[in-house]
Amino acid sequence: MANKRPRSIAALLKILQPFEAFVRVEALGGTLLIIASVIALIWANSEASASYVALWERPFTLGLEGAALQKPLILWINDLLMAVFFLLVGLEIKRELLVGELNTAQKAILPALAAVGGMVVPALIYYAVAHEGPAASGWGVPMATDIAFAIGVMRLLGNRVPNSLVVFLTALAIIDDLGAILVIAIFYSGALKTTALLWAAVFIAVLVVMNRFGIRRPALYLFAGIPLWVAILKSGIHATIAGVIVGFCVPATSQFSLASILADAKQLLGVASNKTAPKETVEASLRALEKRFDDAESPLSNLEHALHPYVAYAIVPIFALANAGVVLLGASPALLLEPVSLGVILGLTLGKPIGVVGISVLTVKMGWAKLPAGVTMRHLVGAGLLAGIGFTMSLFVAGLGFEVGSIYHTEAKVGILAASVIAGLAGLLVLRSAKPVVAAETSAPASLQTSP
């Protein structure tokens, strides 16, 4: 009996505090991401660098004879494992649009417009620097924000960062992800194949019908997503888009109303707290209570909670380990001034804060929105700088925009690494100089004030 109550409480907290759980996982995931990236850089520049390249180029086959797929390991990571990453992104976007920080126009307008500014301005700056020849195809590289890194930096600052700023940057990054998904689907896909697209449409229709008929087991959506992934892979659209589609199709509402669950919970707690009740009855009541708390979660929420640790602690670090390794030994500092590298660096370190802060200030000045409670101009600048940590999504887009292993791809990775370090340190220093947040300030009306 004693070991059941904490599990029930944990289930209740999981329902009531999804954002806090999200932030905790992302913060630790950001630490693992940094570790994996450092290992990749050391490995790629060590005497064992040949083994680094050989490992990711090693071919692997999945499937049965006659219906198998063979790809180098790095493509299994970038196409299959990252499809799971994009599945989580799809779930997060749908949750935020329906019940989260983007579920009303009033809440969504500031992070949405800031995100648009933070995508358009970096892309324009990149294109202004690297608009000639194959280099021009990297314009999508500096558009995204790595939320794990950004939250990790914010968590280092403790009470100097109001929670409302974390919410704002998270919402902005989720919209960034949506923009990146559209960019990948529209601009970074190959020649389209009609037959595969028709099969993909069939599998999408199956997922939609499952949703409309109230099928609530997340595992069934994952199972239906497997042939969709294969069809999209064969269609010429990047296979990771399949993950987003599956995420959008998973039901987002609970089968039972919260009022009925709480009423049942009250009754079950009454039974469990009855000192005269037999031990078996009390244990059965606690098990039933835990089950009712589980019932309060939607299939989307259940799947998101289940996937998030695996994505943050395993998939994204593995992706970084496979993609962040770039040979720097013997490289000239002038590599940073090559059009692709310079475009990425300027896009992320200047374009992101200019776009995010500039559009946010304009939105507030126009009276369309207010800054989140407790957020000052200094906080906003710090968040804009941290939005320039593109890392995971930027590396991913770089692998689509340029031939893997080409000089342009290497320059893009160097630019991403340099920009992420610069943006992270700059954001850390700006937010570190803000005064600690106190309760009175976090509840104060938001305005464009300057933090002392």
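The values are calculated or read from the model by the stated rules, or taken from the named source; none is laboratory data. Owing to the predicted nature of the structure, the values given are computational and were not obtained by experimental measurement. Methodologically, a virtual Cβ is constructed for each residue, glycine included, from the backbone with ideal geometry; neighbour enumeration extends over all protein chains shown. In case anyone asks, the SASA skips ligands and DNA or RNA and just uses the protein heavy atoms, side chains included. Shrake-Rupley method; radii C 1.70, N 1.55, O 1.52, S 1.80 Å.
Each residue in the range 431-448 was checked for being open to solvent by less than 40 Å² (accessible area, probe 1.4 Å) and either in a helix (DSSP H, G or I) or modelled with pLDDT of 80 or more (or both), and 2 of them qualify.
Residues in the range 56-94 that are in a helix (DSSP H, G or I) and farther than 21 Å from Tyr313 by Cα: Glu57, Lys94. Out of Gly347, Gly390, Gly374, report the one residue that is within 21 Å of the chain's Cα centre (by Cα), among the small types (Gly, Ala, Ser), open to solvent by less than 30 Å² (accessible area, probe 1.4 Å) and modelled with pLDDT under 95. None of the other options fit; the residue is Gly390. Scanning the range 322-337 for residues that are outside any loop (DSSP other than H, G, I, E, B) and either modelled with pLDDT of 95 or more or surrounded by fewer than 19 Cβ atoms within 10 Å (Cβ to Cβ) (or both) yields Pro333, Ala334, Leu335, Leu336, Leu337. Considering the conditions (1) of a type outside the set (D, E, K, R); (2) within 20 Å of the chain's Cα centre (by Cα); (3) not in a helix (DSSP H, G or I), Gly225 is excluded by exactly one of them, (3).
On the stretch given as the range 61-79, residues that are surrounded by 13 or more Cβ atoms within 10 Å (Cβ to Cβ) and either free of Cβ contacts under 8 Å to residues at least 60 places away in the same chain or within 27 Å of the chain's Cα centre (by Cα) (or both) total 9.
Taking the numbered list (1) open to solvent by less than 50 Å² (accessible area, probe 1.4 Å); (2) free of Cβ contacts under 8 Å to residues at least 40 places away in the same chain in turn, Leu91 passes all entries but (2).
Filtering the range 129-147 to residues that are open to solvent by 10 Å² or more (accessible area, probe 1.4 Å) and farther than 14 Å from Leu348 by Cβ leaves His131, Glu132, Gly133, Pro134, Ala136, Ser137, Ile147.
Tallying residues that are crowded, with 20+ Cβ neighbours inside 10 Å, aliphatic (A, V, I, L, M) and not in a helix (DSSP H, G or I) within the range 95-118 yields 1.
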